[in-house]
Amino acid sequence: MSKDLHSDIDLRPADHVAIIMDGNGRWATNRGWPRLVGHRRGAERVREIVRASPDLGIRWLTLYAFSTENWKRSTEEVLGLMAIFARYIEREADRLAAEGVRMRFIGERGRLDPKLQRMMAGIEARTAGFDRLNLTVAINYGGRDEILRATRRIAEEVAQGHLDPADLTVAAFADRLDTGGLPDPDLVIRTSGETRTSNFLPWQAAYAEYEFTETLWPDFTADELGAIIARYSNRERRFGGVAR
């Protein structure tokens, strides 16, 4: 599903947009409110962006919700975030299904609460037949962790005699990542003014365009997303080639 890295140029719209949703806690702190208020407002912003995406030509939307490093935060904040994730799934399931949105999750699920894992599996199964928008949410996700887990799986396949190392290709490796079967992102957006990629899709975003905005995630609107998409559409993507 990855784009051909040998193509000379690509002026297509941003089919796959990935967003690092940063700035929720800062948004709340700036107003003298608890950080969880910002996370709740951020979840409301997700609803707006998901709804607007198909009209902006986005077919695949991947959101970075919780990283493997976010466990370092306070217990109160982590538990509050998990409750927000569960509430989002519960409240949005009907609307997502009605609007033809397929929802998937990437990341290592074993550390998550079993009830949340069941809810995640449930909405994945319920929306599996839809494709108006493919929504992927990264929870307990880290790019290095993902690559390490994929490498371990490959090592096990080789040890069991199921895979000849000579047959391992870029595509075969990509299929063993959490995002196996998904296209690589065309555009990665990070809100809040930070200019780090924060371990988000390092393999998949190797040839993505990046956009960093000062806007904190709770203030990020569909209009700003549209403006970023418009700027992206004017970029030439050569994938190592030369423009004609």
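What follows is calculated from the coordinates using simple rules that are stated; it is not laboratory data. Everything numeric in this text was worked out from a predicted model, so none of it was measured. As a convention, Cβ positions derive from the backbone with ideal geometry for all residues, glycine included, and neighbour counts pool all protein chains shown.
Name the long-range amide H neighbours of Leu201: under 5 Å, sequence gap of 5 or more, or other chain; modelled H, no Pro or chain starts.
Result for Leu201 returns Gly143.
Quick check: Cα centre of the stretch 136-151 to Cα centre of the stretch 78-110, how many Å?
Spelled out, the Cα-based centre of one part sits 18 Å from the other.
So for the pair Ala98, Ala206, with labels modelled 7 Å out along Cα→Cβ, what separation do we get in nm?
For the pair Ala98/Ala206, the computed spacing is 4.3 nm.
Once amide H atoms are built 1.01 Å from N in the peptide plane, which residues 5 or more positions from Arg104, or in another chain, come under 5 Å H to H?
Here Leu135, Thr136, Val137 satisfy the definition.
Which whole-Hz couplings ³J(HN,Hα) result when phi for each residue of the stretch 219-232 is put into the Karplus expression 6.51 cos²θ - 1.76 cosθ + 1.60, θ = phi - 60°, listed in order with x for Gly and Pro?
9, 6, 10, 4, 5, 5, 4, x, 5, 5, 4, 5, 5, 4
Rounded to the nearest 500, what is the 222 nm mean residue ellipticity of the chain from helices alone, with -39500 (n - 2.57) per DSSP H run of 4+ residues and division by all residues?
-12500 deg cm²/dmol
With the Cα gyration tensor of the stretch 32-88 giving a ≥ b ≥ c as the square roots of its eigenvalues, does the rule (a/c under 1.5 for rounded; else a/b larger than b/c for prolate; else oblate) give rounded, prolate or oblate?
prolate
Based on the mean of other Cβ atoms within 10 Å per residue, sort peptides 52-59, 112-119 so the most packed one is first.
52-59, 112-119
Counting other beta carbons within 10 Å of each Cβ, put Thr213, Thr221 in order, fewest first.
Thr221, Thr213
Ser198 to Arg144: extension gain in nm, 0.36 nm per residue of separation minus the Cα-Cα distance?
18.4 nm
What is the gain in length, in nm to one decimal, between Gln117 and Lys72 on full extension, counting 0.36 nm per residue of separation less the C-alpha to C-alpha distance?
Once the chain is fully extended between Gln117 and Lys72, it gains 14.1 nm.
Output ³J(HN,Hα) for the stretch 120-127: one whole-Hz value per residue in order, computed from phi by the Karplus curve 6.51 cos²θ - 1.76 cosθ + 1.60 with θ = phi - 60°, and x for Gly and Pro.
So the Karplus estimates, Gly and Pro as x, are 4, 5, x, 6, 4, 5, 5, 9 Hz.
Based on the alpha-carbon gyration tensor of the chain and its eigenvalue square roots a ≥ b ≥ c, which shape applies: rounded if a/c is under 1.5, prolate if not and a/b is larger than b/c, or oblate?
oblate
Taking the Cβ of Gly110 as the centre, find all other residues whose Cβ is under 12 Å away and add up their charges (Lys, Arg: +1; Asp, Glu: -1).
That works out to 0.
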